[in-house]
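Here's the structure we're looking at; comments come further down.
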Amino acid sequence: MESMYYIGLDVHKRKISYCVKDGGGQIRGEGSITATRLDLDHWMRSLPQPWSAAMEATMFTGWIYDHLKPHAAVLKVAHPLMLRAIAAAKKKNDRIDAGKICDCLRCDFLPECYMASSAIRERRRTLRYRNLLVRQMVQMKNKISALLMEAGVNYNKQRLHKAGYFRELLATNPDIDEGLSSLLRLCRETMVRLGKNESALVRSLERDSLLVERVERLMTIPAVGPITALTWALEIGDVQRFPSIKKAISYCGLCGAESSSGNTVQRTPLSKQRNKHLQTTLIEAAKMAPRNSAELAMLYDKEKQKGNSNRATLAVARKLVAYLLAVDRGHRKFQVVETSNIAA
């Protein structure tokens, strides 16, 4: 049986530091290479076979992972927050970091994180770019309001961003001079262009053959629209990696961190270790959910009676996670199970 060689990679924008060790921990090679596909190909030809590698999750990890995956016996990505021992070391540099990642892989102590397929990551990139366009649209709307308020112009807040009212406001209001009018038109044109691009991206994802069936099933849940369904499908990836609803709720950032010592148990506010894209989308969906589902409305009212509307929204968001997980894991449409209370 061939002995396995273990490689730790410390990934940066322009450079990748590596450390190669055998099963006994002896260094077989170390150094750095330029972070390009061509240099990676030359480097892989010099490696002893077979080899397995590990790297820390960064914004540069995706393309390196895809390029090395076909050639490695095992390729893993480490969770950055779980590698705090490297950051806390007294002496720290790229060579030492690569060696420590290599040792974690060799001794099976590597805190591995989930790596979605390249197809899912490509579509996730599109959805996150759509979120950027939405934020820029909101900035343009706020800028239009700010420009009008700076000039002391009275306007109807509810109708400001309607095309007809906006043209009428520019044409008839004497407080809007030529300079202000040009800035307002520029903001309006930018907002319209961003809106068209955002709609086009959403339509392309909704019609994608990889997502269409899954998204249609998720949209059978009350209060789940196309954006919520797409966000769940692309950010979760493989739903089977969540063994319980609690794990999914924690990943979505809808619960606080726990700090226990002895008989003392403390709960902190919502944890920052979460998928922020899922957290934002689910909370926004939970705010609208009571209008579309009687069961979610009852849950919201029950929690709100305790005196905190934010906690009520979080309770609805957790229930949405339970619905989404059940539908996605069972590959079936959402169905309401009617229960009857029988008094003895």
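Consider region 261-278. How many of its residues are of a type outside the set (S, T, N, Q) and at pLDDT 90 or above? Number satisfying all stated conditions: 3.
Results for (1) modelled with pLDDT under 90; (2) surrounded by fewer than 18 Cβ atoms within 10 Å (Cβ to Cβ); (3) polar (S, T, N, Q), shown as yes or no for each residue.
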{"site": "93", "(1), (2), (3)": "yes, yes, yes"}
{"site": "103", "(1), (2), (3)": "no, yes, no"}
{"site": "117", "(1), (2), (3)": "no, yes, yes"}
{"site": "121", "(1), (2), (3)": "no, yes, no"}
{"site": "127", "(1), (2), (3)": "no, no, no"}
{"site": "131", "(1), (2), (3)": "no, yes, yes"}
{"site": "137", "(1), (2), (3)": "no, no, no"}
{"site": "140", "(1), (2), (3)": "no, no, no"}
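Condition check: surrounded by fewer than 22 Cβ atoms within 10 Å (Cβ to Cβ) and in contact (Cβ under 8 Å) with a residue 60 or more places away in the chain. Does residue 322 satisfy that? Yes; evaluated as a whole, the condition is true for this residue. The residues listed here are 150, 112; of these, the one that is among the acidic types (Asp, Glu), modelled with pLDDT under 95 and not assigned by TED's automatic domain parsing to the domain that holds residue 198 is 112.
Residue-by-condition table, conditions (1) closer than 19 Å to residue 276 by Cβ; (2) of a type in the set (A, V, I, L, M):
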{"position": "40", "(1), (2)": "no, yes"}
{"position": "56", "(1), (2)": "no, no"}
{"position": "68", "(1), (2)": "no, yes"}
{"position": "105", "(1), (2)": "no, yes"}
{"position": "110", "(1), (2)": "no, yes"}
{"position": "115", "(1), (2)": "yes, yes"}
{"position": "118", "(1), (2)": "no, no"}
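Among the residues of region 108-127, write down those that are in contact (Cβ under 8 Å) with a residue 40 or more places away in the chain and of a type outside the set (D, E, K, R). Answer for region 108-127, where residues must be in contact (Cβ under 8 Å) with a residue 40 or more places away in the chain and of a type outside the set (D, E, K, R): 110, 113, 114, 115, 116, 117, 118, 119, 120, 126, 127. Where helices (runs of 4 or more DSSP H) fall wholly inside region 91-185, the ranges with 2 or more residues that are touching a strand residue (DSSP E or B) at 6+ places or on another chain (Cβ under 7 Å) are 94-106. Looking at the structure I just gave you, is residue 186 at pLDDT 95 or above, hydrophobic (A, V, I, L, M, F, W, C) and more than 18 Å from the chain's Cα centre (by Cα)? Yes: the conditions hold for residue 186.
Output yes when any residue across region 18-33 is closer than 19 Å to residue 121 by Cβ and small (Gly, Ala, Ser), and no when none is. Taking every residue of region 18-33 in turn, none turns out to be closer than 19 Å to residue 121 by Cβ and small (Gly, Ala, Ser).
Taken together, the residues in region 214-266 that are over 23 Å from residue 132 (Cα atoms), in a helix (DSSP H, G or I) and either in contact (Cβ under 8 Å) with a residue 24 or more places away in the chain or not assigned by TED's automatic domain parsing to the domain that holds residue 295 (or both) amount to 10. Screening region 160-203 for residues that are among the hydroxyl-bearing types (Ser, Thr, Tyr) and in contact with a helix residue (DSSP H, G or I) (Cβ under 7 Å, 6 or more places away or on another chain) and picking the one that is nearest to residue 127 (Cα to Cα) gives 190.
State which residue is surrounded by the most Cβ atoms within 10 Å (Cβ to Cβ) when the search covers only region 1-60 and only residues that are aliphatic (A, V, I, L, M) and assigned to a loop (DSSP other than H, G, I, E, B). In this case the residue turns out to be 57. Which one of these does residue 273 not meet: (1) out of contact with any Leu (no Cβ under 9 Å at 6 or more places or on another chain); (2) loosely packed, with under 14 Cβ neighbours inside 10 Å? Checking residue 273 against (1) out of contact with any Leu (no Cβ under 9 Å at 6 or more places or on another chain); (2) loosely packed, with under 14 Cβ neighbours inside 10 Å, the one that fails is (1). When residue 98 is tested against (1) in the same structural domain as residue 29 (by TED's automatic domain parsing); (2) loosely packed, with under 12 Cβ neighbours inside 10 Å, only condition (2) is not met. The single condition among (1) outside the structural domain of residue 17 (by TED's automatic domain parsing); (2) farther than 30 Å from residue 74 by Cα; (3) of a type outside the set (A, V, I, L, M) that residue 124 does not satisfy is (2).
Determine whether region 81-104 contains at least one residue that is under 20 Å from residue 118 (Cα atoms) and touching a helix residue (DSSP H, G or I) at 6+ places or on another chain (Cβ under 6 Å). Within region 81-104, not a single residue is under 20 Å from residue 118 (Cα atoms) and touching a helix residue (DSSP H, G or I) at 6+ places or on another chain (Cβ under 6 Å).
Yes or no: residue 257 surrounded by 11 or more Cβ atoms within 10 Å (Cβ to Cβ) and farther than 28 Å from residue 115 by Cβ? Spelling it out, it is not the case that residue 257 is surrounded by 11 or more Cβ atoms within 10 Å (Cβ to Cβ) and farther than 28 Å from residue 115 by Cβ.
The values are calculated or read from the model by the stated rules, or taken from the named source; none is laboratory data. For clarity, every value in this text was computed on a predicted model and none was experimentally measured. Heads up, the Cβs are rebuilt from the backbone with ideal geometry, glycines too, and the neighbour counts pull from every protein chain shown.
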